[in-house]
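Structure record follows, encoded as structure tokens.
The values are calculated or read from the model by the stated rules, or taken from the named source; none is laboratory data. The structure displayed is predicted, hence computed values, not measured ones. Neighbour counts run over all protein chains shown; Cβ positions are idealised from the backbone, glycine included. Each accessible area value is taken on the protein alone, full model and side chains, heavy atoms only, with ligands, DNA and RNA left out. Shrake-Rupley method; radii C 1.70, N 1.55, O 1.52, S 1.80 Å.
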Amino acid sequence: MLSSSALQWIALITMTIDHVGFLLFPKLTILRVIGRIAMPIFVFCLAEGFIHTKSRQKYFMRLGILAIISEFVFILERQYTGFDLPLNVVMTLSLSFIAMLCAEKGGVGWLGVAALAVAAYLFNFEYGAPAVLLAVAFYFICNLRDFHVTYVITLSLAIAIFAIATAYNAHWWTQAWCAMAIVPLALYSGEKGKRIPYRLNYWYYPAHLLVILLIRVALH
């Protein structure tokens, strides 16, 4: 069985492999395939954090600050690579956090979830509406862990729908491989495990992107 820390390590490592493939070895499709595992795990960890955090306000503030800093790295990446990149994934996670708040309230709150999903699509957030809706689904699925069979079935269904929804473009056929995330998430024990150092957990995303980007610039 896997702890939440183990899931985070899997997400960080596969994300790094993905970005190395994207920026340094674009012809090695296998690197992008491996990287597809990361996003569903990050969204799952977000839902777990939303449920168990002692201060949602502080959690959201950290996400927001990280999202803004990460966007500056994305601006540099656009400038040096010429790729038309969406708003970074931490922006999407921040939006997903608000969507879970809306879903928790129920009733009219579901209109907020719908509005946020539409906004993720219209304003070109990375992974768009499917990521926002996946976070909301995970919020409810996380509470089913005591019913293991039901948990695994609903988890698999949510990730399968996410994979289909984000693989609509043939150019991104590799996205369908995110369904592989079902395996580590199905093995989640619900335990925290040995925590990843705070600064590494939060600042690794923009830091590793910047390092890989600098390597690309140096090589070209």
Applying the Karplus parametrisation 6.51 cos²θ - 1.76 cosθ + 1.60 with θ = phi - 60° to the phi angles of the stretch 22-37, what ³J(HN,Hα) value in whole Hz is obtained for each residue in order, glycine and proline being reported as x?
5, 9, 10, 10, x, 7, 8, 4, 4, 5, 5, 4, 4, x, 5, 5
Table column - 3J(HN,Hα) (Hz), the stretch 150-167, Karplus curve with 6.51, -1.76, 1.60, x for Gly and Pro
4, 4, 5, 5, 5, 4, 5, 5, 4, 5, 4, 5, 4, 4, 5, 5, 9, 10
At 222 nm, what helix-only mean residue ellipticity would the chain give, in deg cm²/dmol to the nearest 500, using -39500 (n - 2.57) for each DSSP H run of four or more?
-24000 deg cm²/dmol
Dividing the mean separation of Cα pairs under 8 Å (6+ apart) by the residue count of the chain yields a relative contact order in percent of 30 percent
Cleavage-rule hits, chymotrypsin sites (Phe, Trp or Tyr not before Pro), the stretch 160-220, DSSP coil, Cβ neighbours within 10 Å at most 13:
Y168
Amide H neighbours of F25 at under 5 Å, excluding residues fewer than 5 places away on the same chain, with H built from the backbone geometry, are none
For the chain, the accessible surface attributable to carbon and sulfur atoms (probe 1.4 angstrom, ligands and nucleic acids excluded) amounts in percent to 70 percent
Which far-off residues, 5 or more places away or on another chain, put their amide H under 5 Å from the one on L2, with H placed in the peptide plane?
Y188, S189
Mind listing the long-range amide H neighbours of F125? Cut-off is under 5 Å, sequence gap 5 or more, other chains count too, H placed in the peptide plane at 1.01 Å from N.
L87
Determine the distance separating the Cα centre of the stretch 104-146 from the Cα centre of the stretch 159-220; give it in Å without decimals.
19 Å
Counting only the heavy atoms of the protein chains, how much of F25 is accessible to a 1.4 Å probe, in Å² to the nearest 10?
100 Å²
Computed over the stretch 53-104, the Cα gyration tensor eigenvalues, each multiplied by 5 and square-rooted, give semi-axes in Å (largest first) of 27, 12, 5
If each of V183 and T81 carries a label point 7 Å out from its Cα toward its Cβ, how far apart are those two points in nm?
2.6 nm
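So which trypsin sites (Lys or Arg not before Pro) in the stretch 21-80 are both in a DSSP loop and have at most 15 other Cβ atoms within 10 Å of their Cβ? Intermediate values should be presented prior to the final figure.
Values: sites: K27, R32, R36, K54, R56, K58, R62, R78; in loops: K27, R36, K54.
Counting only loop positions with at most 15 other Cβ atoms within 10 Å, the trypsin sites (Lys or Arg not before Pro) in the stretch 21-80 are K27, K54.
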Would you mind calculating the relative contact order of the stretch 1-128 from Cα pairs under 8 angstrom and at least 6 residues apart, reporting the percent as a whole number?
18 percent
Rounded accessible area per residue of the chain, 1.4 Å, Å²:
52 Å²
